[in-house]
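See below for the structure under consideration.
Values quoted throughout were computed directly from the atomic coordinates according to the rules given, and no laboratory measurement underlies them. Bear in mind the structure is a predicted one, so any value in this text is a computation, not a measurement. We place every Cβ from the backbone using ideal geometry, glycine too, and count neighbours over all the protein chains shown.
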Amino acid sequence: MTIYYCINETLDMLDAMGDRTGLKTMIPVSTTPPECGGHKEDAFALSSSPKLLDLRKNEAPDLLARVLEDVPLYNINLELILDEALAERHKNTQVETAMGRAFGSQPMPNALKQSHAGHDDISGGLLHPMLGHSDRVELCRIYIEFLKALGRKHEHYDFEKNILGKHTERFTEYYDGFISIYDGKVRAEILLAFGHRLDHDPAKPMESYTESGQKRAGKMRIEEERELIWAWLEADHYQMRRCHDLDRIFHVEGLPKVPNWVRADIFSLLEREAMKQFFAESLMRKDPTLPHLANTPALQKAIQDNARGHVDEAIQQLMSQTLSPGTAYAGAAHRFAEQAQKRALEGKRAALH
């Protein structure tokens, strides 16, 4: 099973907590690749096998019941949300249909009669008291089948919201996260440490990235000057996004080591740098005066440097700061991202993309 997520959202949630100590926080994941701001290639996949409670599997009711047995609060929450759904079915056809599928041929529990059971009378009790006497595994099965039957309209009865609530720390004593029908959540430390980009190729030799970039750019067969500039800016923007993520991961405290995807990201920067060099060289051969870049000084200089075969200084510094043993990270990724943002703004003002 592969799950997907956006690294920026993971880091955003850690930032929102106000400190860098929330690595056990569970972060949203998906069973399909997310858009990640319109850049699907930026998405991450987790192909390793963390210990997840997969609510889609046949054994899920038994596994969930074991957790509920050890954490009575979760068991109470399960009874309460099923009690609410059973009451709601009388005025909500979608809930009624989903409940019918979940119970199958079994009769649904009866509600207490109103004459005996106003809310004041059953303080803290259930409108359908048989739920409190039902087999725990069977209740788990009914709840899971109910969620499946609701499909994407299950938000109100969501597993984390209603069963785990604000006490997810007890759940993470048993599992690293959970997967429901369409999505789930996994502990941040696992996503940060063990994921990989969708466009990373683990079989690709590190020394081949530059050659790969040149070949990739050549296959695009771009001839028109403005299109060459646009292609250069696209590659620069790719590098900017990756550098933004790299700078953020280097400021996360508590990770035991630098994640493997960081090295792959850095070499992917070199691949895009080789593409930029190819585009820049092609552009200079057409017209070394670069008339389209007359009002874009930062962009013009970067393209001229690439045309001479130079690798961006910030990327060189980033490689030195991250790939050399004993060298501390000193913000090179942040500097590149800032400079790339400036180049992007110049290109936008000049209507180059």
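Computed on the stretch 1-73, the Cα convex hull volume stands at 127 Å³ per residue.
Result for the chain in a Gaussian network model with C-alpha springs under 10 Å: among LEU269, LEU191, LEU126, the largest mean-square fluctuation is at LEU126.
For the stretch 147-284, the orientation-averaged shadow of the C-alpha convex hull comes to 12.5 nm² (one quarter of the hull surface). Ranked by the mean number of other Cβ atoms within 10 Å of their residues, highest first, the peptides 99-112, 224-237, 64-77 fall in the order 224-237, 64-77, 99-112.
How big is the Kirkwood radius of the chain, worked out from every pair of different alpha carbons and given in Å to one decimal? Evaluated over the chain, this radius sits at 23.7 Å. The alpha-carbon positions of the stretch 182-254 define a convex hull whose volume is 158 Å³ per residue. The charge dipole of the stretch 246-353, taken about its Cα centre with unit charges on the Cβ atoms of Lys, Arg (+1), Asp and Glu (-1) only, comes to about 220 debye. Extending 7 Å from Cα along the Cβ direction at GLU138 and again at LEU73 yields two label points whose distance is 2.9 nm. Only helices enter the 222 nm calculation for the chain: every DSSP H run of n ≥ 4 contributes -39,500 (n - 2.57), and dividing by all residues gives -16000 deg cm²/dmol, rounded to 500. 3J(HN,Hα) along the stretch 141-146, derived from phi through the Karplus expression 6.51 cos²θ - 1.76 cosθ + 1.60 where θ = phi - 60°, amounts to 4, 4, 5, 5, 5, 4 Hz, with x in place of Gly and Pro.
Histogrammed with a bin width of 5 Å, the alpha carbon distances of the stretch 222-282 distribute as 4, 18, 23, 17, 13, 10, 7, 4, 2, 1 percent, first bin at zero.
Of interest is the spacing of the C-alpha centroids, which for the stretch 318-353 and the stretch 155-170 amounts to 40 Å.
Of the cross-linked pairs LYS185/LYS257; LYS24/LYS342; LYS51/LYS148; LYS215/LYS286; LYS148/LYS185, those separated by over 26 Å at the C-alpha level are LYS24/LYS342.
Ranking ALA65, THR97, GLN321 by how far each Cα lies toward the positive end of the dipole of the chain (charges on Cβ) leaves GLN321 at the top. Loop-located trypsin sites (Lys or Arg not before Pro) in the stretch 230-282 (DSSP state other than H, G, I, E, B) with a sparse environment of at most 16 neighbouring Cβ atoms within 10 Å: LYS257. Neighbours of VAL311, meaning other residues whose beta-carbon lies under 9 angstrom from its beta-carbon, give a summed charge of -4 when Lys and Arg score +1 and Asp and Glu score -1. Here is the tail figure for the stretch 261-353: Cα pairs spaced more than 20 Å apart come to 41 percent of all pairs.
Applying the Karplus relation 6.51 cos²θ - 1.76 cosθ + 1.60 with θ = phi - 60° to the stretch 302-311 yields 3J(HN,Hα) values of 5, 5, 4, 5, 4, 4, 7, x, 7, 9 Hz, where x marks Gly and Pro.
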